[in-house]
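K.L.:
Please find one structure pasted underneath; my questions will follow.
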Amino acid sequence: MTDKIICEKCGCEMTDRSSGDSICVECPQCGWGWATTTYDPSLDDNTAYELWLLPGNAQSKENLQIIAKISHTNFLQAKKLLDCSTPVKLYPFDDSSSNTLSRVSEIRCIAKTLSSAAICFYIVPDFPYNY
Ligand SMILES: [Zn+2]
């Protein structure tokens, strides 16, 4: 952090005593300040999110490659998924092997890939994080 932080109360330059994951800023003059911990709430989220592929996506070679990779299947199976007229669950593809603790980061990663390829999907329940 290189920007100066000015105290809201007295206008004095505040002291940044942040270290590692915690942010601690204090005004040397009036003592006003705050301390907080920067942490990613998604790390604590063990919601069993599911990612579904919506029907009607283009069956381009690129899309087939992406779907095959995400669903750990081959092109033929990926084509079937893209062909489906109803939503298809893409993640977790196999319920028995899924670990809910890693779902947020995996879904984030998959959702990012899908959205950058303009492939339509949805996540249930509502996914509150950016991807
Ligand atoms: Zn102050």
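K.L.:
Compute a Gaussian network model of the chain, connecting alpha carbons closer than 10 Å, and tell me which residue from SER71, SER22, SER102 fluctuates the most.
P.N.:
Result: SER22 has the largest fluctuation of those listed.
K.L.:
Less than 13 Å apart at the alpha-carbon level, and either on another chain or at least 8 residues along: which aspartates and glutamates does that give for LYS9?
P.N.:
LYS9 reaches GLU26.
K.L.:
How large is ³J(HN,Hα) for each residue in region 36-47, as worked out from phi by the Karplus curve 6.51 cos²θ - 1.76 cosθ + 1.60 (θ = phi - 60°), to whole Hz, x for Gly and Pro?
P.N.:
8, 10, 7, 8, 8, x, 5, 5, 9, 8, 10, 4
K.L.:
Let's see if you can work this out: charge +1 on each Lys and Arg Cβ, -1 on each Asp and Glu Cβ, no other charges. What is the dipole magnitude of the chain about its Cα centre, in debye to the nearest 20?
P.N.:
600
K.L.:
Using modelled amide H (1.01 Å from N, peptide plane; none on Pro or chain starts), what sits under 5 Å from the amide H of ILE23, excluding residues fewer than 5 places away?
P.N.:
Long-range HN contacts for ILE23: THR36, THR37, THR38.
K.L.:
Computing the accessible area with a 1.4 Å probe over protein heavy atoms, can you report the carbon and sulfur percentage for the chain? Can you show the working numbers first?
P.N.:
Values: 4320 of 8360 Å².
Carbon and sulfur atoms account for 52 percent of the accessible area of the chain.
K.L.:
Rounded, prolate or oblate, given the Cα gyration tensor of the chain, with a/c below 1.5 counting as rounded?
P.N.:
prolate
K.L.:
Ignoring everything but the protein chains, give the 1.4 Å probe accessible area of LYS80 in square angstrom, nearest 10.
P.N.:
Using a 1.4 Å probe on the heavy atoms, I get roughly 140 Å².
K.L.:
Before anything else, pin down the relative contact order of the chain: Cα pairs under 8 Å, at least 6 apart, normalised by residue count, whole percent.
P.N.:
24
K.L.:
In square angstrom, what is the accessible area per residue of the chain with a 1.4 angstrom probe?
P.N.:
64
K.L.:
Here's a follow-up. Which cross-chain or sequence-distant (5 or more) residues have an amide H under 5 Å from the amide H of TYR91, H modelled 1.01 Å from N in plane?
P.N.:
Under 5 Å from the amide H of TYR91: LEU51.
K.L.:
Would you mind computing, in nm to one decimal, how far apart the modelled labels at LEU76 and LYS61 are, each placed 7 Å from Cα along Cα→Cβ?
P.N.:
2.0
K.L.:
Near the amide H of CYS12, under 5 Å away, which other amide H atoms are found, from residues 5 or more places off or on another chain, if H is placed in the peptide plane?
P.N.:
CYS7
The values are calculated or read from the model by the stated rules, or taken from the named source; none is laboratory data. Everything quoted here is computed from the prediction, not taken from an experiment. Here the Cβ is made from the backbone with ideal geometry for all residues, glycine too, and neighbour counts use every protein chain on show. Side chains are part of the model used for accessible areas, which takes the heavy atoms of the whole protein and leaves out ligands, DNA and RNA. Shrake-Rupley method; radii C 1.70, N 1.55, O 1.52, S 1.80 Å.
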